[in-house]
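Presented below is the structure to which this report refers.
We did not get these values from a lab; they are worked out from the coordinates using the rules stated. Being a predicted model, the structure only gives us computed values, none of them experimental. Here the Cβ positions follow ideal geometry from the backbone for every residue, glycine too, while neighbour counts run over all protein chains shown.
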């Protein structure tokens with residue numbers, strides 16, 4: 001990405017949002033302990049937020065003064081179809097992770113994203129999604145014992161069944 | 001040297017040899033997976049060793065630590081996603097090299113200098129541990145504070161074209177680091193009444209979001225382009241290349257050992273400081289910094305592995321952790337009935353030499369696995385992006401969740417990923433955000449200690465600074481860094497040149 005002597009689409013709005021966000025954080029930082037002491041809980045937050053405000057205002061002023069880039073558009077160069085599809089799928093993943101659980105949500109995510117991005121055959125997308133998910137699952141769940149949200153798949157029972165099978169049913 | 005014979009114990013015991021090799025191999029691959037930090041790997045794997053004897057446990061830990069610090073460089077080079085914070089600086093020049101099809105060369109030189117740095121760090125640990133730890137014990141809170149400010153000023157060097165955007169990003173990182181309950185006064189900071197925010201925002205969530213998710217989103221712009229065919233014909237660097245960069249490597253090893261030995265500052269800060277040192281001292285690199293300069297790889301990679309030996313110094317001699325991994329190790333040593341601190345070296349010198357031997361062996365295995373496993377690893381990034389990018393996003397999400405088994409961390413990762421994407425689009429560097437988060441606690445604690453010990457007086461703080469040689473050096477460095485960024489300085493030196 002590049003530095004903006006020429007203003008990219010949406011950059012002015014972003015820089016103003018950052019300045020407003022910084023001001024809000026400065027206000028919240030002052031609320032922590034006010035100006036009670038140099039060693040107060042709010043000293044570093046105030047210092048950091050004040051630095052953010054000053055730099056964000058300078059960035060916004062510079063951005064607003066700069067010439068807009070007429071060769072770019074927001075829909076093509078900042079948020080093209082593939083990117084907003086990715087963002088939408090990430091948000092959907094976050095929403096579905098708890099109710100559906102790790103395995104079905106991750107499989108759906110991998111399958112839909114691979115299909116949307118590559119446009120390749122259903123078989124290819126199903127196969128690669130399954131292989132990827134199994135690999136990740138083995139590393140995190142089996143090797144590192146990370147307990148992901150179970151949801152609708154009774155993972156614990158399935159793993160216990162496999163364990164029993166491998167130990168000869170004992 | 002009492003107990004020196006224990007140095008060779010891991011070399012001659014097949015079981016210990018195997019454990020160190022396994023630990024190093026696992027460390028390299030875990031360190032390379034975004035989201036699986038070496039801290040996390042050590043903390044999870046260490047829990048399996050509590051029932052073991054102390055020697056095998058220490059052997060595995062030493063291998064994971066050494067391999068993990070190195071492993072983070074691989075994805076930094078191949079995917080621009082540092083596997084560990086210590087590899088943030090590595091991605092600045094490593095990834096441009098991979099984009100030019102020189103990934104093999106980049107990983108080869110990285111492995112070699114990591115080996116060199118690691119060995120030098122261990123040498124210092126073995127020979128000068130008491131001296132360096134004596135130095136570290138004299139470091140005052142104001143010096144730590146200035147060290148943190150120095151680290152933050154590197155933001156200017158890291159932020160490429162726009163210093164002001166780098167400053168904004170660094171301050172933003174500092175602020176993220178203060179979110180949660182203040183450990184000293186229990187006051188809430190930026191919690192907005194949410195209990196989930198009282199524990200703060202996980203550093204790993206910020207790191208994976210900013211470097212994993214946002215990078216994947218940026219790469220979606222070019223998802224239909226053919227993947228860069230990584231040229232791995234030349235992995236082992238030539239002697240000429242190694243010798244050419246040896247002076248820089250030596251200087252950066254020294255930086256790495258010293259920074260690593262300072263409590264609270266580990267390989268991440270050492271790597272960033274070494275990178276900045278290289279940028280300032282190497283006047284005419286063959287390729288400019290940030291565009292694939294070999295010096296930009298040599299400096300951070302030597303320093304972060306040298307910092308491992310450095311981090312062990314205060315741990316072994318004072319019982320103070322050099323970084324988060326050594327903090328976990330101190331806990332493990334207590335469980336195994338050892339008491340890290342000055343008495344350990346007096347009562348159990350054999351344990352000290354055993355640890356030095358294990359680290360040495362781990363470094364040797366790091367070189368072997370580092371130079372032999374690249375082709376397999378590189379195959380991963382030659383996969384079509386349409387398959388690789390969904391996998392990276394999923395891996396990042398799972399990695400973020402795995403640290404605390406927390407869905408909140410996943411939501412933070414996704415939020416920082418989207419924010420990081422827009423920041424990248426508009427020319428903000430993300431490295432300073434992470435640096436700010438890392439340094440936040442160090443700066444906060446030591447600022448408050450320093451100002452309280454000086455009776456809340458800025459004048460007394462300045463007076464104290466000017467009375468201590470170490471403080472003067474640090475203070476002078478800060479002033480120099482600030483002045484050297486001004487237009488007047490640049491104009492003066494451009495004319496002089």
message: For segment A:31-66 and segment A:77-115, what is the centre-to-centre distance using only Cα atoms, to the nearest Å?
response: 36 Å
message: On the Cα set of chain A, report Rg and Dmax in Å, please.
response: 24.5, 75
field: Choice from A:98, A:142, A:76 showing the highest fluctuation, given a GNM over chain A with Cα pairs closer than 10 Å
entry: A:142
task: Just rank B:69, A:153, fewest to most, by other beta-carbon atoms within 10 angstrom.
output: A:153, B:69
Label-to-label distance, nm, for residues given as residue A:74 and residue A:153 (7 Å Cα→Cβ offset): 3.8 nm
- request: Return the FRET efficiency for the residue pair residue A:31, residue B:335: r is the Cβ-Cβ distance, R0 is 56 Å, and the value is rounded to the nearest 0.05.
  value: 0.85
message: At a 10 Å Cβ-Cβ cut-off, how would you order B:24, B:191, A:132, fewest neighbours first?
response: B:191, A:132, B:24
field: Average partner coverage of B:216-222, which counts Cβ from other chains inside 10 Å
entry: 5
- line: Candidates A:48, A:75, A:116; GNM for chain A (alpha-carbon contacts under 10 Å) flags as most fluctuating A:48
message: Test of understanding: ordering B:195, B:53, A:69, A:33 by Cβ neighbours within 10 Å, fewest first, what list do you get?
response: B:195, B:53, A:69, A:33
Cβ-Cβ FRET estimate between residue B:453 and residue A:98, R0 fixed at 56 Å, reported to 0.05: 0.70
query: Pulled fully out, how much extra length does the chain show between residue A:120 and residue A:85, if you take 0.36 nm times their separation in residues and subtract their Cα-Cα distance?
result: 11.0 nm
- prompt: Let a ≥ b ≥ c be the square roots of the eigenvalues of the Cα gyration tensor of segment A:1-97; is it rounded (a/c under 1.5), or, if not, prolate (a/b larger than b/c) or oblate?
  reply: oblate
Segment B:389-431 shape via C-alpha gyration tensor axes, a/c threshold 1.5: prolate
query: Assuming R0 = 60 Å, what is the FRET efficiency of residue A:24 and residue B:463, from their Cβ-Cβ distance, to the nearest 0.05?
result: 0.95
task: Could you work out the mean count of beta carbons from other protein chains within 10 Å of each residue's beta carbon in A:78-90?
output: 5
query: Taking a spot 7 Å from the Cα of residue B:186 along the direction of its beta carbon, which residues of segment A:15-35 have an amide N less than 20 Å from it?
result: A:32-34
field: Alpha-carbon centroid distance for the pair segment A:126-155 / segment B:264-315, whole angstrom
entry: 37 Å
query: Based on the alpha-carbon gyration tensor of the protein assembly as shown and its eigenvalue square roots a ≥ b ≥ c, which shape applies: rounded if a/c is under 1.5, prolate if not and a/b is larger than b/c, or oblate?
result: rounded
- prompt: What average number of partner chain Cβ atoms lie no more than 10 Å from the Cβ of the residues making up B:190-199?
  reply: 1
- prompt: Gaussian network model of chain A, Cα springs within a sub-10 Å range: biggest mean-square fluctuation belongs to which of A:17, A:25, A:44?
  reply: A:44
